[in-house]
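Take a look at the structure below.
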Amino acid sequence: MKRGGLMSLTENHTIAELLYENGKLSAELEAERFMLELITSLSSTELIDDGINNVLCKVGEYTCADRAYVFEINEDYTTTNTYEWCKEGVTPQIDNLKGIPFESMPNWIHLFLQGENILIEELEDIKAEMPQEYGLLKFQNVQTLIAFPISVHEKLMGFVGVDNPDMKKSRLIRRLLSLLGYYIGVAVDAYKKECTKLEMASIKSRQKYRRNIEEIFCGAQIGIWLIIKQEGKEPVMEADANMRELLGLTKGTTSEECYRIWRDNIPSEYTEKVDNCVKETLEKGYADVIYPWHHPTRGKIWIRCGGVRPKDYEGIGVCIRGYHQDILLRTSSGKCDFEV
């Protein structure tokens, strides 16, 4: 500190760096919260079309884009815009983008087949390199764009993208679309295979979609839960199949028992940390925490847990929805690589 209380240029620079890093961390946490909302929304939707349209709406608003959309690849080597969200005042394009031959977007198709994404920061920059794509985008008044392939079992199903988004968020948007590419792919794949005729086909599609989502979460050791707290009553925890397995629950365990088992197996020295996370979730809408948990058969494991406060909850009391992930990693010696 200099005489008179004035900070040096070095100190000022350090503070500026800290503020910048804090801003980045805040943006990362907000992105994590948003992605969690999308994942839980997709996993709980009853109708695939409604689920995808709802996700595109949220993605479009979050990225400040003009349009958010899904294109599907057809058997005749064409691609069609099948889902679309548009900002107020933006002209929809979905009816104009049907049966577009691969020859009209050869560079994009090639990149998508390689698993790569499309990032256009200025349309005029691709005029010579991608003339066919340039013409399509110019017609739609697109200046900037980010798009990711939708693939299932290494097969290209289509792509998801946003037009004219806030490019200051481009890194977070690419991360978000990369994640959605797979989850939407599961939904689209189930839709194309199952939802073809009448309500029965729709039911099969929803069931397969749910099974695929559950398999994804199971492989990642992720369970989905919902906790409801009402004044004067015991809290309850509704848990999906993965969550019940991660908790080591037996068949017939009630929602009240589920909550107590989860709660009672948190080490006493970590209960305050978990309670603070719950409090932060209720106050800010999202929070996450890492803590050890005593599994009934496996002993001590480490858990990453994140929750959101659903905006659409209209029941009695307060509700928190989120995920519970086993993040215990072991080396060949059997020792835990993870520690807090």
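The values are calculated or read from the model by the stated rules, or taken from the named source; none is laboratory data. What you see is a predicted model, and the numbers here were worked out from it, not measured in a lab. Cβ sites come from the backbone with ideal geometry, for glycine too, and all protein chains shown count toward neighbours. What goes into the accessible areas is simple: the full protein's heavy atoms, side chains included, and nothing from ligands, DNA or RNA. Shrake-Rupley method; radii C 1.70, N 1.55, O 1.52, S 1.80 Å.
Points worth noting:
- Maximal additional length on extending the residue 61-residue 282 stretch stands at 77.3 nm, based on 0.36 nm per residue less the C-alpha distance.
- Look at the alpha carbon pairs under 8 Å that are at least 6 residues apart: their mean separation over the length of region 219-304 gives a relative contact order of 20 percent.
- For region 64-105 versus region 137-165, the gap between their alpha-carbon centres in whole angstrom: 9 Å
- Shown in residue order for region 106-119 are the 3J(HN,Hα) couplings computed by the Karplus curve 6.51 cos²θ - 1.76 cosθ + 1.60 at θ = phi - 60°: x, 5, 5, 4, 4, 5, 5, 5, 8, x, 9, 9, 10, 10 Hz (x for Gly and Pro).
- Rounded to 0.05, the FRET efficiency of the residue 230 and residue 268 pair, given R0 = 30 Å and the Cβ-Cβ distance, is 0.75.
- Estimated FRET transfer efficiency when R0 is 35 angstrom, pair residue 314-residue 117 (beta carbons, to 0.05): 0.35
- Extended-chain gain in nm, criterion 0.36 nm per residue less alpha-carbon gap, residue 250 and residue 124: 39.3 nm
- The accessible area of residue 84, taken with all protein chains in place and a 1.4 Å probe, comes to roughly 40 Å².
- Treating each Cα of region 227-303 as one equal point scatterer and applying the Debye formula with no solvent, the log10 of I(q)/I(0) at q = 0.13, 0.15, 0.24, 0.28 Å⁻¹ comes out as -0.42, -0.56, -1.34, -1.44.
- Relative contact order for region 36-166: 25 percent, from Cα pairs under 8 Å spaced at least 6 residues apart, divided by residue count.
- Among the listed pairs 127/311; 169/300; 138/311; 98/169; 127/155; 155/251, those beyond 32 Å (Cα-Cα): 127/311; 169/300; 138/311; 155/251
- Backbone N within region 71-96 under 20 Å of label point (7 Å from residue 143 Cα along the Cβ vector): 86-93
- Distant-in-sequence amide H partners of residue 247 (H built 1.01 Å from N, under 5 Å): none
- Global geometry of region 108-186, whether rounded, prolate or oblate, following the gyration tensor of its Cα atoms and the 1.5 cut on a/c: oblate
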